[in-house]
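One structure is given below, encoded as structure tokens.
The values are calculated or read from the model by the stated rules, or taken from the named source; none is laboratory data. Here the structure is a predicted model, which means the values were calculated and not measured. Glycine also receives a Cβ, built like all others from the backbone with ideal geometry; neighbour counts cover every protein chain displayed.
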Amino acid sequence: MYFNFWQTAMGFKDILHKAWMTHIEGTQLFQVVVKLKVLKLALKNWRKTSFDTPEARIQLLRQNLEKVLNQLSEDPTNIQN
């Protein structure tokens, strides 16, 4: 899974560069395949340590929205919360 917003995240280019500069022996096609596998694993680990999953973020936003809607229905004149 790849998300376009990763390109602008801090550390992405370093992960990409490090994975792509890995020295691999073999044919050029083999090197590309292995480098893509290395990159995939590196991005997977980076995503787990750097971001909530998009699904988790959506769930949190939904919970916050539900909380605000409940507060609004309890007191429609309260614009502070």
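Brief remarks follow.
- Filtered residue count, segment 8-26, keeping only those that are surrounded by 11 or more Cβ atoms within 10 Å (Cβ to Cβ), under 17 Å from the mean Cα position of the chain (by Cα) and either in a helix (DSSP H, G or I) or touching a residue at least 40 places away in the same chain (Cβ under 8 Å) (or both): 6
- Selection within segment 27-65: residues that are within 17 Å of the chain's Cα centre (by Cα) and of a type in the set (Lys, Arg). The member of this set that is modelled with the lowest pLDDT is 57.
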